[in-house]
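The values are calculated or read from the model by the stated rules, or taken from the named source; none is laboratory data. Keep in mind the model is a prediction, meaning the values are calculated, not measured. We place every Cβ from the backbone using ideal geometry, glycine too, and count neighbours over all the protein chains shown. In case anyone asks, the SASA skips ligands and DNA or RNA and just uses the protein heavy atoms, side chains included. Shrake-Rupley method; radii C 1.70, N 1.55, O 1.52, S 1.80 Å.
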Amino acid sequence: MVSYIIAMDNTYALMSNFFGFLLPSVKQDDEMIIVCDGCDSIAAMDYLESMAQIDSRIHLIKIKEKIGFAKANNLAVNAAVSETLIFINTDIFPVGDCIDNMLYALNCSEKIAAVQPLLLYPQTGLVQSTGHVFSEFKSGQLFSMRRPTDRIIKQSAPRQALTMALCAVKKRVFSQIGGFNESYYNSHEGMELTLKISLHGYVCMYCAKAVAYHCSGVARKKVSFDISRQRAYFYQQWHSHIINDLEKYLSQQMDFNMDFGEYIVYNLSSSTDWTRILEELRINCVQEIVLEERFEEKINLYDCISFTSLYYPGPYLFLCDSFSQIASNNNWICNRNNLADLVMDLNGNLLHLYTLVRNT
């Protein structure tokens, strides 16, 4: 038996899709505890109440005023019977035996206390998350925007922290660390919870065999709260405990097919930590060019790199917050036609620049 923990404030359409994909994974003796967090959709609430009347596995907890992700989930856990918790957002759509594979991984060892699957964007089929990666005062979704067929995506491994969009957790460990920190409101709760699990000596695991689609950002309404303040609070609490592991994941992708010669670096990233990271990776940089456009979500390389630079014979290294910033430059990359060029980002990706043509 498992207890599904679900906090919701959504439309009828999303709820109907959510249950349509989830119910095939729910066993007869499982329970689904749904906390309606100030939901004002009459259609969604009517749908949930009708579902609860015909399905004894569904238990509704109705909250009139919005209390946020942390409080809503803590409330649901207090009502849970099972020792195994499945936290799942209502914008998650499990594929096949996703839940069973997560539970198998969770029960493989006493030390494993939390498991997340491979999360994909339904719009593109690309990776949304395989867990969290940390650099100086920054966190990212590890290997975000990669193809799920890439070798490194297929490797299950421990993570320092996980996303709670879909996560299996042992209830005794959840209780031991005090549950979700209710100082947060719809941001950073899950990352802190799983980081604390790791700091208590347990293992947080990414399970590559479990796959789900994630319509990221749909499940939680982002009104009346400031993510930047919550990010500051998170790092104030945990900065000294976090291991900056970005370079670890980048080093795992370095191979003999990459020409680690002397690079001209185009810095399109907001991070100030790249100099240290490149030194750790022993990558030689003969020049660094910091582009003014680095804070933009989409960057046109024709607009910021000169014609003569396009045909420079040596290798370039592009540093990004996310390689999606330059992933729409197919023509520039094809004209550049230098197979030694690389791109690195804060989500732990290290790729040949030419592979971005295939990623778009």
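With a 1.4 Å probe and every protein chain left in place, work out the accessible area per residue of segment 78-141 in Å², rounded to a whole number. Could you put the intermediate results ahead of the total?
Numbers: 2300 Å² over 64 residues.
Result: 36 Å² per residue.
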Practice task
Please turn the phi angles of segment 330-339 into ³J(HN,Hα) values with the Karplus equation 6.51 cos²θ - 1.76 cosθ + 1.60 (θ = phi - 60°), one per residue in order, whole Hz, x for glycine and proline.
Solution key: 3, 5, 4, 5, 5, 5, 4, 6, 10, 6
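When the convex hull of the C-alpha atoms of the chain is computed, what volume per residue in Å³ does it have?
Working: hull volume 50.2 nm³, N = 360.
In the chain, the Cα hull volume divided by residue count equals 139 Å³.
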Problem - Folded to 0 to 90 degrees: helix 42-54 orientation relative to the chain principal axis, Cα - result: 60
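Considering only protein heavy atoms, with the full assembly of protein chains and a 1.4 angstrom probe, order Ser109, Ser187 by accessible area, largest first.
Numbers: Ser109 45, Ser187 15 Å².
Heavy-atom accessible area, descending, gives Ser109, Ser187.
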Handout entry: Helix-derived mean residue ellipticity, 222 nm - over the chain, DSSP H n ≥ 4, -39500 (n - 2.57), to 500
Key = -8000 deg cm²/dmol
Practice task
Could you tally the net charge around Ile326, taking each other residue with its Cβ under 12 Å from the Cβ of Ile326, Lys/Arg +1 and Asp/Glu -1?
Solution key: -4
Problem - Folded to 0 to 90 degrees: helix 189-199 orientation relative to the chain principal axis, Cα - result: 80
Completion exercise
Expected field for Arg172, accessible surface area in Å² at 1.4 Å probe radius, rounded to 10, holds 100
Exercise for the section: Work out, step by step, the length gained on full extension between Phe137 and Val290: first 0.36 nm times the residue separation, then minus their alpha carbon distance; give nm to one decimal. Expected result: 53.1 nm
Problem - Interatomic Cα distance distribution for segment 1-160, bins of 5 angstrom, percent - result: 1, 8, 15, 19, 20, 16, 12, 6, 2, 0, 0
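In nm², what is the average projected area of the convex hull enclosing the Cα atoms of segment 268-360? Each step should come with its number before you reach the end.
Details: hull surface 22.6 nm².
For the Cα atoms of segment 268-360, the hull's average projected area reads 5.7 nm².
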Handout entry: Compactness relative to 2.2 N^0.38 Å, alpha carbon Rg of segment 162-289
Key = 1.34
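Quick check for you: with a 1.4 Å probe and neighbouring chains kept, what is the accessible area per residue of segment 167-297, in Å²?
Numbers: 6790 Å² over 131 residues.
Here the per-residue accessible area is 52 Å².
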Problem - Degrees separating the helix 69-79 axis from the principal Cα axis of the chain, which is the longest one - result: 40
Handout entry: Fluctuation leader among Leu85, Leu162, Leu60 - the chain, Gaussian network, Cα springs under 10 angstrom
Key = Leu60
Handout entry: Nonlocal amide H pairs with Thr84, under 5 Å, H built at 1.01 Å
Key = Ser3, Lys171
Exercise for the section: List the residues whose amide H sits under 5 Å from the amide H of Ala210, counting only those 5 or more places along or on another chain, with H placed 1.01 Å from N in the peptide plane. Expected result: Leu118
Practice task
Of all alpha-carbon pairs in segment 90-200, indicate the percentage at a distance above 23 angstrom.
Solution key: 28
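Write down the Kirkwood hydrodynamic radius of segment 83-141, to one decimal in angstroms, obtained as one divided by the mean of 1/r over all alpha carbon pairs.
On the way: mean 1/r = 0.0749 Å⁻¹.
Computed over Cα pairs of segment 83-141, the Kirkwood hydrodynamic radius comes out at 13.3 Å.
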Practice task
Just read off the accessible area of Phe260 with the full protein assembly in place, 1.4 Å probe, to the nearest 10 Å².
Solution key: 60
Practice task
May I ask for the net charge around Pro158, where only other residues with Cβ less than 13 Å from the Cβ of Pro158 are counted and Lys, Arg are +1 while Asp, Glu are -1?
Solution key: +2
Completion exercise
Proximal lysine pairs in segment 157-256, meaning Cα under 29 Å and 8 or more positions apart or interchain, come to 14
